[in-house]
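FYI, it's all coordinate maths here, none of it is from the lab. Just so we're clear, the structure is a prediction, and the values are computed from it rather than from any experiment. Positions of Cβ are backbone-derived with ideal geometry, glycine not excepted, and every protein chain shown enters the neighbour counts.
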Amino acid sequence: EKATVEIELLNADNGANWIINRTILRDNTSFWLLNGEKSTEEHIQRQICKLHIQPGSLCQILQPAQLDTFITMNKYDVLEITQKCVGSDDLYELHKTLKVMREKALKYEEQSKQAQAE
């Protein structure tokens, strides 16, 4: 019914590591804890930046074996993997929906041009 991810981040500034928990519920909602206290995703992202962690840097989130594959990817595959790794939960799905809608729009545009030509 739910999944929980926990990560511990080294906080070299004051020695107390940060424990971040994210619990994802079946309805695709989630809640966050920072060191056992309720928090928001935005607050946690700000705290992560204070540790000089760049969640947008694929070098920090991809394993070395994946980096080799990443280097050989075309720009479309890079976009897809980036969306999955660093985007919001639904970013990749929204992008897929947008692509389908764009294909339909182009199809309708072509049909309209053909109908006008007749």
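Around Arg102, under 12 Å between beta carbons, what's the net of Lys plus Arg minus Asp minus Glu among the other residues? Don't skip to the end; give the middle numbers.
Details: positive: Lys96, Lys99, Lys104, Lys107; negative: Glu103, Glu109.
For residues surrounding Arg102, the net value is +2.
Expected output is a single nm value to one decimal: the length gained when fully extending between Asn14 and Arg46, i.e. 0.36 nm times separation in residues minus the C-alpha distance. What is it?
Working: separation 32, 0.36 × 32 = 11.52 nm, distance 1.71 nm.
This chain segment gains 9.8 nm when fully extended.
According to a simple spin-label model (label point 7 Å from Cα along Cα-to-Cβ), what is the distance in nm between Thr69 and Glu6?
2.9
At 20 °C and a viscosity of 1.002 mPa s, what translational diffusion coefficient does Stokes-Einstein give for region 1-53, taking Rh as the Kirkwood radius over Cα pairs? Give it in µm²/s as a whole number. Numbers along the way, then the final one.
On the way: Rh = 11.7 Å.
It comes out at roughly 184 µm²/s.
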